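One structure below.
The values are calculated or read from the model by the stated rules, or taken from the named source; none is laboratory data. None of the values given here were measured: they were computed from a predicted structure. A quick note on method: Cβ atoms are made from the backbone with ideal geometry, for glycine too, and the neighbour counts reach across all protein chains shown.
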Amino acid sequence: MATHVGQAGNGTDGRQSGGRRSGGRSARVRARDDHTPTSGPPPVGGRYRPLSEAEVLKIHRAALDVLARIGMADPIPEFRDAALEKGCRLNEHGRLCFPAALIEDLVAGAARSFVLHGRAPGRDVEISGESVHFATGGMAVKVLDPETGRYRPSSLKDLYDCARLVDTLENLQVFNRTVVASEIADLYAFDMNVAYACIAGTTKPIGTGFSEPEHVVDGVAMFDAVLGGEGRFRARPFSTANCCAIVPPLRFGSENSAVAIEAARAGFPVKVAIAAQAGATAPAALAGTLVQTVAEMLASLALVNLLVPGHPFLCGNWPFVSDLRTGSFSGGGGEEAVLNAASAQITNFYDLPNSVAAGMTDSKVPDNQAGYEKGMTNLLAGLAGANLVYESAGMTASLLGCSLESYVIDNEMLGAALRAIRGIEVSDETLSLDVIEEAVLGPGHYLGHPQTLALMESEYVYPRVGDRASPDEWEADGAPSIRERARARVTEVLESHYPATIDPVVDAELRARFPIQLPVEDMRPSPAVRKTA
């Protein structure tokens with residue numbers, strides 16, 4: 001359910017003779033703003049290919065060579081033993097080395113598509129081919145408070161607020177956990193509360209994670225309860241299990257490897273994010289970074305598919321970049337944009353479901369820097385055919401921060417990106433020869449033509465917080481900035497949108513069984529708002 005487009009016009013717009021229309025611009029804008037978008041097919045990427053076919057093959061063969069000669073350190077025993085039975089070996093350094101033929105067999109047997117289910121009609125997301133969808137993400141430790149304009153530690157309530165805000169944003173199809181519940185120190189309580197806040201705030205597909213394999217079982221129990229009974233989540237999985245089973249360079253993370261395997265056995269589509277950082281935990285040469293991260297991605301695929309063959313697996317080759325002057329992470333540069341676009345291209349070469357990271361601005365506020373960094377990285381990822389683009393909205397300060405205003409602004413940016421990815425339909429009808437003739441021989445313009453009215457909502461995307469008014473209109477309206485308009489929208493949503501995503505009886509059962517710390521009173525409008533509603 002990627003792109004949301006409006007319904008076509010009905011061919012009437014109060015047109016008068018001479019092509020003039022009644023109602024005026026403000027009436028048309030109100031009609032658009034009141035319109036609830038409908039879902040359409042996701043756009044298909046793949047038009048942008050930063051690598052030639054020969055270069056993709058070189059990177060592929062080099063990655064296979066890395067796995068066969070250098071290998072991966074620290075495989076957990078269960079996986080190591082299964083790999084050795086399939087022809088892998090331990091080299092003189094004790095590293096697990098994979099024959100190229102085995103990797104190619106695992107790629108051939110891997111799932112080619114799967115569905116992330118929503119919990120409301122029309123919210124399923126099919127991951128396949130080069131279809132493009134945008135998702136949140138980031139696990140920021142700070143929130144840019146919309147009231148004070150200053151950063152503060154993020155909280156469980158912030159995560160819930162992010163979820164219900166994103167629940168209203170039509171260009172974000174998946175809600176992946178966005179901020180850290182920094183007030184919760186216990187790992188079990190943290191995992192259960194993060195999962196709860198995500199499902200309480202939205203019926204879109206979500207992404208969450210688990211610190212230990214034992215927590216996965218209770219996560220499934222929570223999700224089963226929400227869906228109405230044991231086994232329901234396995235039948236309609238609405239959450240990925242986010243795993244960091246790879247520690248660059250070329251090492252398995254033992255605890256998260258076990259989590260990935262347990263999550264697969266429990267029915268979660270598994271996403272393993274490869275977060276090597278060029279110049280720090282990967283080579284400074286961008287091609288070298290791709291060789292290493294592709295090898296790590298294929299090793300993570302082997303981790304899951306050797307033990308749970310053909311299980312839904314979302315390749316997460318997310319090559320990151322260091323600012324080589326300081327060694328710190330940089331999320332918004334051109335290098336980041338081209339690396340993740342290349343990652344999508346390479347994973348599509350394998351015909352595997354894939355995800356990348358984009359939208360990771362280094363700016364601390366929603367400003368011009370954030371706009372160009374987010375727009376560039378998200379658009380290139382989508383044009384390259386990434387199935388799921390994480391971190392695409394809301395993140396600031398090189399993933400350390402999260403901004404609610406940014407979600408609203410970035411949602412609008414993503415609408416424009418999705419429109420660009422969709423491209424131009426060329427057909428006998430859209431070539432418009434008859435329309436041109438009618439306009440030329442008639443009124444001399446296309447403003448009132450039935451084709452214009454029919455296409456104005458489906459062919460075009462209109463900003464809601466972006467500004468297209470004249471300078472005089474803008475000044476008469478108080479000269480608001482996009483951030484001010486976005487802040488007003490955030491306030492409106494957070495004061496009124498409390499989605500009833502969990503049955504009250506089930507919610508009470510969850511609170512009795514799990515250490516849920518999100519207060520019930522934070523999940524409903526304040527008495528003052530209820531009184532004026």
**Request:** Could you figure out which of (1) modelled with pLDDT of 95 or more; (2) farther than 29 Å from Ala384 by Cα; (3) within 29 Å of the chain's Cα centre (by Cα) isn't true of Ala82?
**Result:** (3)
**Message:** Looking at Gly385, Gly316 in this structure, which one is outside any helix (DSSP H, G or I), at pLDDT 95 or above, within 22 Å of Ala111 (Cα to Cα) and in contact with an Asp or Glu (Cβ under 9 Å, 6 or more places away or on another chain)?
**Reply:** Gly385
**Request:** Find the residue count for region 261-284, including only residues that are under 20 Å from Ala357 (Cα atoms), in contact with a strand residue (DSSP E or B) (Cβ under 8 Å, 6 or more places away or on another chain) and either outside any strand (DSSP E or B) or polar (S, T, N, Q) (or both).
**Result:** 7
**Fill in**
Screening Val461, Val440 for residues that are out of contact with any Asp or Glu (no Cβ under 8 Å at 6 or more places or on another chain), of a type in the set (Val, Ile, Thr), loosely packed, with under 14 Cβ neighbours inside 10 Å and over 29 Å from Thr148 (Cα atoms) leaves only Val440
**Prompt:** So which residues in region 501-528 are of a type in the set (A, V, I, L, M) and either surrounded by 13 or more Cβ atoms within 10 Å (Cβ to Cβ) or modelled with pLDDT of 95 or more (or both)?
**Reply:** Ile502, Val505, Val506, Ala508, Leu510, Ala512, Ile516, Leu518, Val520, Met523
**Request:** Go through region 477-500 and count every residue that is under 28 Å from Phe238 (Cα atoms), surrounded by 14 or more Cβ atoms within 10 Å (Cβ to Cβ) and either among the acidic types (Asp, Glu) or more than 24 Å from the chain's Cα centre (by Cα) (or both).
**Result:** 1
**Request:** Taking the options Gly149, Gly122, Gly129, name whichever one is more than 16 Å from the chain's Cα centre (by Cα), over 27 Å from Ala221 (Cα atoms) and surrounded by fewer than 17 Cβ atoms within 10 Å (Cβ to Cβ).
**Result:** Gly149
**Fill in**
Gly375 vs (1) touching a Phe, Trp or Tyr at 6+ places or on another chain (Cβ under 8 Å); (2) part of a helix (DSSP H, G or I): all pass except (1)
**Message:** Given the criterion at pLDDT below 95 and surrounded by 23 or more Cβ atoms within 10 Å (Cβ to Cβ), identify the matching residue among Gly209, Gly138.
**Reply:** Gly138
**Asked** Quick check: is even one residue across region 233-252 surrounded by fewer than 24 Cβ atoms within 10 Å (Cβ to Cβ), polar (S, T, N, Q) and over 14 Å from Asn317 (Cβ atoms)?
**Response** no
**Request:** Return a yes/no flag: does region 480-497 have any residue that is part of a loop (DSSP other than H, G, I, E, B) and farther than 26 Å from Gly40 by Cβ.
**Result:** yes
**Prompt:** Going by the structure shown, is Ala181 of a type in the set (A, V, I, L, M) and either buried (at least 24 other Cβ atoms within 10 Å of the Cβ) or in a loop (DSSP other than H, G, I, E, B) (or both)?
**Reply:** yes
